[in-house]
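Beneath this line is the structure, given in structure tokens, with notes to follow.
The values are calculated or read from the model by the stated rules, or taken from the named source; none is laboratory data. Please read all numbers here as calculations on a predicted model, not as lab measurements. Please note: Cβ atoms are built from the backbone with ideal geometry, for glycine as well, and neighbour counts cover all protein chains shown. Each accessible area value is taken on the protein alone, full model and side chains, heavy atoms only, with ligands, DNA and RNA left out. Shrake-Rupley method; radii C 1.70, N 1.55, O 1.52, S 1.80 Å.
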There are 2 protein chains.
Amino acid sequence: MADDPELSCPLPFAGYDRVVLAHGGGGRLMHQLVRDVFLAAFGDPLQARGHDGAVVELGGRTALTTDAFTVRPLFFPGGDIGSLAVHGTVNDLAMCGARPLHLTASFILEEGLPLADLRRIVGSMAGAARQARVGIVTGDTKVVERGKGDGVFIAVTGVGRVESRHEIAAHRVRPGDALIVSGPVGDHGVAVMLAREDLAIECDVTSDSASVAPPVLALLDAGIDVHCLRDPTRGGLATVLCEIASAARLGVHVVEAAIPVRPGVADACELLGLDPLYIACEGRFVAFVAGEDAELALEVLRHTPGGEEARRIGHVRAEHPGVVVLEQPLGGERVLDMLTGEQLPRIC
Amino acid sequence: MADDPELSCPLPFAGYDRVVLAHGGGGRLMHQLVRDVFLAAFGDPLQARGHDGAVVELGGRTALTTDAFTVRPLFFPGGDIGSLAVHGTVNDLAMCGARPLHLTASFILEEGLPLADLRRIVGSMAGAARQARVGIVTGDTKVVERGKGDGVFIAVTGVGRVESRHEIAAHRVRPGDALIVSGPVGDHGVAVMLAREDLAIECDVTSDSASVAPPVLALLDAGIDVHCLRDPTRGGLATVLCEIASAARLGVHVVEAAIPVRPGVADACELLGLDPLYIACEGRFVAFVAGEDAELALEVLRHTPGGEEARRIGHVRAEHPGVVVLEQPLGGERVLDMLTGEQLPRIC
């Protein structure tokens, strides 16, 4: 966070209820915004006042990840762009087998954004960060003219300590590995889609936006050798399975009836002509573990918040390398392909 | 960088010469974009294929910094948003007394952006990163609808190893400290302003966008105890001096005639009614060192690329705490205040 000099100039912050260009200009108004909105919510964990950077102690294997968040609308059932930005970043760290430690946040604000909306978003980020036990240690704010942005975009970078003793990567997936999903899929994408003003479908769906670090770290703490982890965001479960099958040059066999999908999500997908296997989650992950570790992994997950609804949904085999085959309820099989077009733009 | 599975689907990338929404959708088109544009330019320094994160070895005091870049226009004399994003981030690390090591990059693309522009920007980023000896180790791409962005925004986070044995911060500034600026001020802001289509002023001004890590590290390598460093970006030299005077609760006395300003910058500022002391630089810094170290610091800077035009421009005193006084050429004095409004929107 930037500096916070004495603000002797009599410019009443209260006089602005919307973001103006000068809030990004580097002068008094920007300092006021940083102090009254960002520092008020995030605190200044490193006492880094007056610096455009933060200094932290790190040691050993460190995971780095970054994501820009452009979700539309900014607020949706189960979350908003602020909590989503924290969860999405923390989850990418967890997918590296890392314990999330620090986040940085860059905001691109559109002129005219109500300051009340910004406060709400920043408060939600701060709450999600507290819950995930990470500090938001440094940041930046830019303002673009009306019509050159869309309310607020947030780019978050995460730093974490790798806790897994073994590498977690697609090339470690082996034939016989079990495929586990940590909970029902598609909730986030459907919740966001239904929240868009042009859709008036009544389905009770809430985003699954949440940190998956606790269930992932629980697996590692239990000594389970996790071969590969991936969170099915854009492109959904089907796309990440295609990516892993392709990278591992192995076949993935998935049992459709085993994949948890909430009734509301299934209903909305049917109405909208969407396939839940291609819809983004923001609080789920898939894990590949040796077949003999599967039961223990499920046991651990089901006793950890965020993993209660974990299911084994398939396995890896040497046949059909690079191909994901879905076994259908009536016994047929179909090949799952990677998402080709744009099913749901701006869901994260 | 994301995964790069085999792309067997016959969707000719060449068929797209502009960014479409599906380039951000998580499916095949996004993988193609990542492979053909981002990985082609940045490489894959950590072999992190298939992960949304990178794992690096870090030890000890680590600097973290983040910035969003929204400069308009995307291309300007002396640089573009790509090289600027690398320099701006590397410079924030240098201001922490850190050696830049790794960058992450998040792109927010507007539907309709010519892919040729994106390639040029990404190529320029890659060149600036090579020159600064940092790797772009992980990234993200989002696409927003036409009219919801402005070509491309880039958020970059930097990670560096702190090389300074002493803390570098405003509270370490002491009465008697010399104030050094590493080169002429105002070039970047003026170059960007003149590049905007609505201005037809003929002045030969080029952005100073560059990494200041070499001159900063040269000071540290020479054993100089640098008390405070700051790069005068938004708000310019005057604003950062106000920030430091305020945070240190000391007075800063600056000699206007000693401040280097290029003739083209001075001319353009006169025509536009701007004060070069409030115009952003992107390749300069101010350093506070003990008075007795000033000559050595200048000697070191003048022999280091990026510091050849360094000048001593003032000193710190106990009187007038929190106030920056400018000594004018004809002997008068005036108080420099922090930038209040928005002088030049979107210069970085």
Under the 7 Å Cα-to-Cβ spin-label approximation, residue A:204 and residue A:255 lie apart by a distance in nanometres of 2.9
Output ordering of A:115-123, A:315-323 (per-residue mean of other Cβ within 10 Å, highest first) is A:115-123, A:315-323
Using alpha-carbon positions, the gyration tensor of region B:170-336 gives root eigenvalues a ≥ b ≥ c; with a/c under 1.5 called rounded, otherwise prolate if a/b exceeds b/c, else oblate, the class is oblate
Expressed as a percent, the accessible surface of the protein assembly as shown that is carbon or sulfur, using a 1.4 Å probe and the full set of protein chains, is 49
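With +1 on the Cβ of every Lys and Arg and -1 on the Cβ of every Asp and Glu, and nothing else charged, how large is the dipole of the protein assembly as shown about its Cα centre, in debye rounded to the nearest 20? Don't skip to the answer; put the middle values down first.
Working: 60 positive and 92 negative charges, 151 e Å.
Roughly 720 debye, rounded to the nearest 20.
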Simple spin-label estimate for residue B:75/residue B:292, 7 Å along Cα→Cβ, in nm, reads 5.4
What the Cα atoms of region B:21-162 span along the principal axes, largest first and in whole Å, is 43, 36, 22
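Please find the FRET efficiency linking residue A:340 to residue A:146, where r is the Cβ-Cβ separation and R0 is fixed at 22 Å, and quote it to the nearest 0.05.
On the way: r = 35 Å, r/R0 = 1.57.
After rounding to 0.05, the efficiency reads 0.05.
Helix-derived [θ] at 222 nm for chain A: sum -39500 (n - 2.57) over DSSP H runs of at least 4, divide by residue count, nearest 500? Present the calculation step by step, with values, prior to reporting the outcome.
Values: 8 runs with 88 residues, N = 348.
Taken over chain A, the calculation gives -7500 deg cm²/dmol.
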Inter-part gap, Cα centre of region A:83-139 to Cα centre of region A:142-208, in whole angstrom, is 13
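Using R₀ = 51 Å, calculate the FRET efficiency as 1/(1 + (r/R₀)^6) where r is the Cβ-Cβ separation of residue B:270 and residue A:18; round to 0.05. Walk me through the intermediate numbers first.
On the way: r = 34 Å, r/R0 = 0.67.
In this case the efficiency is close to 0.90.
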Given unit charges at Cβ for Lys, Arg (+) and Asp, Glu (-), the dipole magnitude of region A:21-162 about its Cα centre in debye, nearest 20, is 300
Rounded to the nearest 10, the angle in degrees between the Cα long axis of helix B:236-248 and the longest principal axis of the Cα atoms of chain B comes to 70
at residue B:166 the sorted inter-copy label distances (label 7 Å from Cα on Cβ side), in nanometres, are 5.1
For the residue B:130, residue B:36 Cβ pair and Förster radius 25 Å, calculated FRET efficiency rounded to 0.05 is 0.80
Here region A:18-29 yields Karplus 3J(HN,Hα) values (6.51, -1.76, 1.60; θ = phi - 60°; whole Hz; Gly and Pro given as x) of 9, 5, 10, 4, 5, 5, x, x, x, x, 4, 5
Projecting the Cα atoms of B:26, B:300, B:95 onto the charge dipole of chain B, where Lys and Arg contribute +1 and Asp and Glu -1 at Cβ, the residue farthest towards the positive end is B:26
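How many partner chain Cβ atoms sit within 10 Å of a residue's Cβ in peptide A:228-239, on average, as a whole number? Before the final figure, lay out the partial values.
Values: counts 2, 1, 4, 1, 1, 2, 8, 7, 2, 0, 1, 8.
For this peptide, the per-residue mean of nearby foreign Cβ atoms is 3.
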Relative to chain B, whose Cα atoms define the longest principal axis, helix B:115-131 and its Cα axis are tilted in degrees, nearest 10, by 50
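Give me the accessible area per residue for the protein assembly as shown, probe 1.4 Å, as a whole number in Å². Walk me through the numbers on the way to the answer.
Details: 24100 Å² over 696 residues.
For the protein assembly as shown, the per-residue accessible area is 35 Å².
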The correct ranking of A:34, B:255 by accessible area at 1.4 Å, largest first, is B:255, A:34
Shortest first and in nm, the label-point separations between residue B:305 and its counterparts in the other identical copies (7 Å out along Cα→Cβ) come to 5.3
Ranked by GNM mean-square fluctuation in chain B (Cα springs under 10 Å), the top entry among B:109, B:58, B:274 is B:58
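Just checking the output field for A:240-248: average partner chain Cβ neighbours within 10 Å of each residue's Cβ?
Values: counts 3, 0, 5, 8, 3, 1, 8, 7, 1.
Taking all residues of A:240-248 together, the mean is 4.
Estimate for me the total accessible surface buried between chains A and B (protein heavy atoms, probe 1.4 Å, no ligands or nucleic acids), in Å² to the nearest 100. Present the calculation step by step, with values, prior to reporting the outcome.
Details: alone 15270 and 15270 Å², together 24100 Å².
So the total buried area for this chain pair works out to about 6400 Å².
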Which of B:186, B:332, B:264 fluctuates most in a GNM of chain B (C-alpha springs under 10 Å)? That residue is B:332
Taking the label point 7 Å from Cα along the Cα-Cβ vector, the copy-to-copy distances for residue B:116, listed from shortest in nm with one decimal, are 4.8
Shielding of B:138-150 by other chains, given as the mean Cβ count within 10 Å, works out to 6
